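Chemist: I have a structure I would like to understand better, so I am pasting it below and will then ask my questions one at a time.
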Amino acid sequence: MNRAELRICLYNTKSLDIYNIMSLLESMAIRKRTALEFSWIPALMCLSLHKETRTVPVLVAIILFQLIINYSLNSFRWHLENNSRDNQGNGGQLPPQYPSFFPYVSNALSFVCNNANFIQRATLTSSRISFLGFDIYAFQDRQTVAKIWKQSTLSSPISMFIYVLKYFFGLPDSVVSVYRADDSGPFPKPYSGSNVLATDRIDHITHHGFLRALGGPGLLPTSRRYMNALAARMHNKNISSEWVEMADFSNLFQEMVGASLIECVYGPSMLRLNPKFMEDLWGFDLKRWYTYAREHFDDSHISSDGDGDPYWGSNLMRYRQEKLLAVKNHDDDALARMDLGLAWGAVGNTIPCAMLSAFHLFSDPDLLRRVRNDINLSFGDQQLQGIDPNKLTKRPLLSSIYAETLRFYVKTYFVVSSPHTDVHLGRWTLPKSRIGLMNAGVSHMDSDFWNSRDGKHPVTTFWADRFIIDQRDPQSGPIASEVRESPEWMGRRRDNEEKARMNSDPFFSMEGTEGSWFPYGGGHSICPGRFLAKNVILFTCALLAKEYDVEMLTDKIEMSTWRFGLGVGGLKHPLPFRIRKRNA
């Protein structure tokens, strides 16, 4: 289409629709893109005919000019395709190519050097990112993310397992090959087209064990073991009613929360054999613990809850010993590395999330007063370690603090892939065997989606009440009013209004946030340990609030970005504090 054609189309348009104009511009851009991208070829040919002018500066200038043209064209096309109305329906197109100044390498360099800044620049849309010639499909718009969680073919986290176990824990290639070969998925029934033997379905074997232990019948006894272990450790620390200053709040949580969490899963014997386990998670050989447990355990040691025991610690660890060692190429060395990975996964984000929740709780006197009042009204003089952990999860304010902590601090990457078929996600398509990438931190900071109460609580600040709905307050709740009033939200709005009518008191709500709040992932591939993590965080905050006074000696908290994409960033500076036992 030339300029004259464009002019005629515009004059013939009765109402100038910006999307129609953008479609015309896109058509022109695509047609001329190839010619412009390769305009350097005739320029170089011309130089070759005039050898006296063929100098390095001229060549550099031509290449630089061409790179600028190409980058401008790619940026223009990227914005057009992301904003085109034609792509808003069920087009099932490939996401547009993310612009790169130096083809093949600049996106890779940006990602490696500062992946936090790079992924944030990709904004809340979807793109194909060229990474050394390999395309990664980055999905961030909430509609697409919500559709991803509904796809059963995108339910396997095995791609991430392979990366973490191989490069973080040194799993040998002979074992990694079993993971790579497993395209059967995490469900009892294998994916259509998979021919993996039942004994080698490592994805399903692992996933089934986690589901039973961390979200099924094992959740309650595991949570109770944690509650008892933490209460005992805090009691044995002998904190008096006099103020005691300590150097770093995070050290207290590593010592108390981390060790209690490891004990509730791995049992007390492992920590007795490795008393400095929490100080150097990477430095221990768990095979010594395996030998000890095998020598001493029999079924009579299983506790009355049917889950715990003093040697293996939990049914999960007994299950892993039985099932994983039967998988091809798996031995004690491989299993020890995998169990270290499990320990790292259990404590790596749960400890900092518990600590950060408590930090905000004790940094806000009014919030602390409200939490203490709620605990006293709900449980009175009961010892908290004796209550049903499910009752804690029903406390709206504690639950909102928990959800806001994860929204504010968790920046995890999630990887999805479909081994056998292309997956249509409404507007976009993820081709089979290609990698889809999402980052929770980008969505967690979407100022267009999250309620800021007219700017009083922007997404860049911690707001403990963000996830509480009060029927008397139309500005309450996690979702911005502009989103709630949109046509696509009509059904959800009716559901929330009905729920509000049934709850005269303020209540905790995550309704409608599945495409924007996903610290654990989502759908079938969501982290099975999320229920235990929530129980750990809520009980820890409740126990500290009820039984201890904590005064933070700094109100400044800075997080580093070196762990961006792995969950919660590390602290840049220690958090000094003082603590004392509350008077009964």
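The values are calculated or read from the model by the stated rules, or taken from the named source; none is laboratory data. This one's a predicted model, so the numbers in the text were calculated from it and none came from an experiment. In this analysis, Cβ positions are derived from the backbone assuming ideal geometry, glycine residues included, and neighbour counts consider all displayed protein chains.
Chemist: Taking residue 436 as meeting all but one of (1) crowded, with 17+ Cβ neighbours inside 10 Å; (2) farther than 21 Å from residue 526 by Cβ, write down the number of the exception.
Modeler: Evaluating residue 436 over (1) crowded, with 17+ Cβ neighbours inside 10 Å; (2) farther than 21 Å from residue 526 by Cβ leaves (2) as the failure.
Chemist: Let me ask you something else. Please find, within the stretch 253-294, the residue that is nearest to residue 220 (Cα to Cα) out of those that are crowded, with 19+ Cβ neighbours inside 10 Å and aromatic (Phe, Trp, Tyr).
Modeler: 266
Chemist: Which one is surrounded by the most Cβ atoms within 10 Å (Cβ to Cβ) among residues in the stretch 372-406 that are within 18 Å of residue 476 (Cβ to Cβ) and not hydroxyl-bearing (Ser, Thr, Tyr)? I'd like the intermediate steps shown before the answer.
Modeler: Restricting attention to the stretch 372-406, the residues satisfying the condition of being within 18 Å of residue 476 (Cβ to Cβ) are 374, 395-404.
Subset that is not hydroxyl-bearing (Ser, Thr, Tyr): 374, 395-398, 401, 403-404.
On the way: 374: 16, 395: 20, 396: 19, 397: 20, 398: 26, 401: 30, 403: 23, 404: 25.
Here the answer is 401.
Chemist: Return a yes/no flag: does the stretch 326-334 have any residue that is of a type in the set (D, E, K, R) and in a helix (DSSP H, G or I).
Modeler: Restricting attention to the stretch 326-334, the residues satisfying the condition of being of a type in the set (D, E, K, R) are 328, 331-333.
Now restrict to residues that are in a helix (DSSP H, G or I): 332-333.
Yes, that holds for at least one residue.
Chemist: In addition: Tally the residues that are of a type in the set (Ser, Thr, Tyr) and closer than 25 Å to residue 198 by Cβ, restricting the search to the stretch 293-330.
Modeler: First, pick out the residues of the stretch 293-330 that are of a type in the set (Ser, Thr, Tyr): 300, 303-304, 311, 314, 319.
From the residues that got through so far, the ones that are closer than 25 Å to residue 198 by Cβ too are 314, 319.
Residues that pass the stated criteria total 2.
Chemist: Also: Look through 329, 315 and report the one residue that is in contact with a Ser or Thr (Cβ under 6 Å, 6 or more places away or on another chain) and either farther than 27 Å from residue 172 by Cα or not charged (D, E, K, R) (or both). Even if it seems obvious, please write down each step before you answer.
Modeler: Details: 315 fails: in contact with a Ser or Thr (Cβ under 6 Å, 6 or more places away or on another chain).
Among 329, 315, only 329 is in contact with a Ser or Thr (Cβ under 6 Å, 6 or more places away or on another chain) and either farther than 27 Å from residue 172 by Cα or not charged (D, E, K, R) (or both).
Chemist: If you don't mind, there's one more thing I want to ask. Residues of the stretch 298-311 being part of a loop (DSSP other than H, G, I, E, B), closer than 21 Å to residue 226 by Cβ and either aromatic (Phe, Trp, Tyr) or without any contact (Cβ under 8 Å) to a residue 60 or more places away in the chain (or both), which ones? Break it down stepwise before answering.
Modeler: Within the stretch 298-311, the first condition is being part of a loop (DSSP other than H, G, I, E, B), and the residues that meet it are 298, 302-308, 310-311.
Retained after the next criterion (residues that are closer than 21 Å to residue 226 by Cβ): 302-308, 310-311.
Within the stretch 298-311, 302, 304, 310, 311 meet the criteria.
Chemist: Further question: Given (1) under 28 Å from residue 411 (Cα atoms); (2) over 27 Å from the mean Cα position of the chain (by Cα), where does residue 199 come up short, assuming only one miss?
Modeler: Condition not satisfied by residue 199: (1).
Chemist: Here is a follow-up. Of all residues being of a type in the set (A, V, I, L, M) and within 17 Å of the chain's Cα centre (by Cα) in the stretch 123-157, which is modelled with the lowest pLDDT? Just the residue, please. First the steps, then the outcome.
Modeler: Within the stretch 123-157, the first condition is being of a type in the set (A, V, I, L, M), and the residues that meet it are 124, 129, 132, 136, 138, 145-146, 148, 154.
Going one step further and asking which of them are within 17 Å of the chain's Cα centre (by Cα), we end up with 124, 138, 145-146, 148, 154.
Details: 124: 61, 138: 87, 145: 93, 146: 92, 148: 93, 154: 88.
Taking the candidates together, the pick is 124.
Each row is one residue, and each column tells you yes or no for (1) surrounded by 19 or more Cβ atoms within 10 Å (Cβ to Cβ); (2) of a type in the set (Phe, Trp, Tyr).
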position	(1), (2)
182	yes, no
189	no, no
196	no, no
199	no, no
209	yes, no
216	no, no
226	yes, yes
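Chemist: Look through the stretch 536-584, keep the residues that are surrounded by fewer than 20 Cβ atoms within 10 Å (Cβ to Cβ) and of a type in the set (Phe, Trp, Tyr), and return whichever of them is nearest to the chain's Cα centre (by Cα).
Modeler: The selected residue is 562.
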